[in-house]
Amino acid sequence: MRPHEGLDAVLWMQSSAEYVASAEQAYHQARIQLDRALAPGNEDWTAAVEQTAPGYEKLPPAVVLDLDEVVLDTTHFQAGNVKAQRSFNPDAWKRWVEEHQAPAVPGALAFTEYIRKKGIRLFYVTNRREDERAATLQNLRELGLPADADGGNLLMRSQEPDWKSDKSSRRQRIAETHRIALLVGDDLNDFVSGGRGTPEERLAVVEKHRSYWGTRWILLPNVVYGGWERAIYDFDSSLSRDEILRRKFEALEGPE
Ligand SMILES: [Mg+2]
C-alpha cells in the first residue's frame, strides 16, 4: 500500500487528544479576548486591518469566524481522500458538503453560545461557494450553530462579484456596519491579505502582525490543508500529485 501524504495529518486531527486540546485552548483564549475587546475603554479595539473608517468605535461589535476547521470539522472528507488515494477533488467536495454531515470543531458550539448570550453579532466568512450555501446553512442549523433565518450572517465566496478567495473585501463589508472584535480562523487568509505568497512572504505577514496573534486574531490548528501547503508549490493546482510530492520533499530542511 502506498502511504498517502495526508495520513498522519488527518489522523492527528481525528484521533489526537492534542488536537482537541488545541481547539479548546483557542476558544478559551477567544472568550478572554472578546471580554477584553468589549471592556469599557477599549472602544477603539478592532481585529480588522480593513477597519479604518472614522467612527468605527461607535459601531456595534461583531465576531468573524471562518467555517471549515474552525466551526465545521471536514476531516471525514479529508479521510476519504486518504482512503481513496486521491488529492482534493472539487466534485467530491461538493457532494460531501451537500450531505451536510460535518460535525462541530471542539469548543466552537460553546463559543458561539457565549457570543449569543452577550448579544454580539456573529458572521461566518467562508470560501465555500455560493452554490454550497443551502447545504452549509442546514449543516450549521442541525449542529445548533447560530445562523440567520435568511442566511445573512453567512458570507460566501463568489456571493458578490468582488468577493474572491481573498477575504479582505468581505471584512471590509462587515466593518462598514460593525466593529470587528475578533477574527477566528485556521488560515492566514482568514485574518489578513498576503496569504498567497511564498512561505517566506507568508511568514513576514505573520511577523508584521505579531501583536495580533492570541489577542485580536485566534488561530485554530489545521495541519491537513491550507495556504501553508499550497504555498510550497506556488498554489499551482494544475501540477500532478507526483510533482507536488517532489516539491514538498525539496522544501524539507535538514541534512541530505
Ligand atoms: Mg478554514
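The values are calculated or read from the model by the stated rules, or taken from the named source; none is laboratory data. Nothing here was measured: the structure is a model prediction, and the numbers come from that model. Methodologically, a virtual Cβ is constructed for each residue, glycine included, from the backbone with ideal geometry; neighbour enumeration extends over all protein chains shown. Heavy atoms of the whole protein, side chains included, go into the accessibility calculation; ligands, DNA and RNA do not. Shrake-Rupley method; radii C 1.70, N 1.55, O 1.52, S 1.80 Å.
The table below gives the values:
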| read-out | value |
| --- | --- |
| Count - residues of region 27-50 that are open to solvent by 10 Å² or more (accessible area, probe 1.4 Å) and either part of a loop (DSSP other than H, G, I, E, B) or within 16 Å of the ligand (Cβ to nearest atom) (or both) | 10 |
| Failed condition for residue 167, given (1) within 12 Å of the chain's Cα centre (by Cα); (2) open to solvent by 10 Å² or more (accessible area, probe 1.4 Å) | (2) |
| Positions within region 203-234 being more than 16 Å from the chain's Cα centre (by Cα) and within 16 Å of the ligand (Cβ to nearest atom), in sequence order | 231 |
| Unmet requirement for residue 145, which otherwise passes all of (1) within 16 Å of the ligand (Cβ to nearest atom); (2) open to solvent by 30 Å² or more (accessible area, probe 1.4 Å) | (2) |
| Among residues of region 1-17, those that are assigned to a helix (DSSP H, G or I) and among the polar types (S, T, N, Q), counted | 2 |
| Residues of region 152-164 that turn out to be open to solvent by 30 Å² or more (accessible area, probe 1.4 Å) and either in contact (Cβ under 8 Å) with a residue 60 or more places away in the chain or touching a Phe, Trp or Tyr at 6+ places or on another chain (Cβ under 8 Å) (or both), as a count | 1 |
| Residue in region 233-252 that is free of Cβ contacts under 8 Å to residues at least 12 places away in the same chain, surrounded by 17 or more Cβ atoms within 10 Å (Cβ to Cβ) and not hydrophobic (A, V, I, L, M, F, W, C) present | no |
| The one condition in (1) over 26 Å from residue 156 (Cβ atoms); (2) among the hydroxyl-bearing types (Ser, Thr, Tyr); (3) in contact with a Gly (Cβ under 7 Å, 6 or more places away or on another chain) that residue 22 fails to fulfil | (3) |
| Scope region 114-130; condition surrounded by fewer than 16 Cβ atoms within 10 Å (Cβ to Cβ) and in contact (Cβ under 8 Å) with a residue 12 or more places away in the chain; matching residues | 116, 118, 130 |
| From 149, 79, 135, residue being free of Cβ contacts under 8 Å to residues at least 24 places away in the same chain and on the phi < 0 side of the Ramachandran plot | 149 |
| Restricting region 188-200 to residues that are touching a residue at least 12 places away in the same chain (Cβ under 8 Å) and assigned to a helix (DSSP H, G or I), the residue that is nearest to the ligand (Cβ to nearest atom) | 190 |
| Extreme residue, farthest from residue 128 (Cα to Cα), among residues of region 85-116 that are part of a helix (DSSP H, G or I) and of a type in the set (Gly, Ala, Ser) | 110 |
| Any pair with Cβ under 9 angstrom, 6 or more apart, that starts in region 176-187 at a residue that is touching a residue at least 40 places away in the same chain (Cβ under 8 Å) and ends at one that is within 16 Å of the ligand (Cβ to nearest atom) and among the small types (Gly, Ala, Ser) | 182/30; 184/26; 184/30; 184/108; 186/226; 187/195; 187/226; 187/227 |
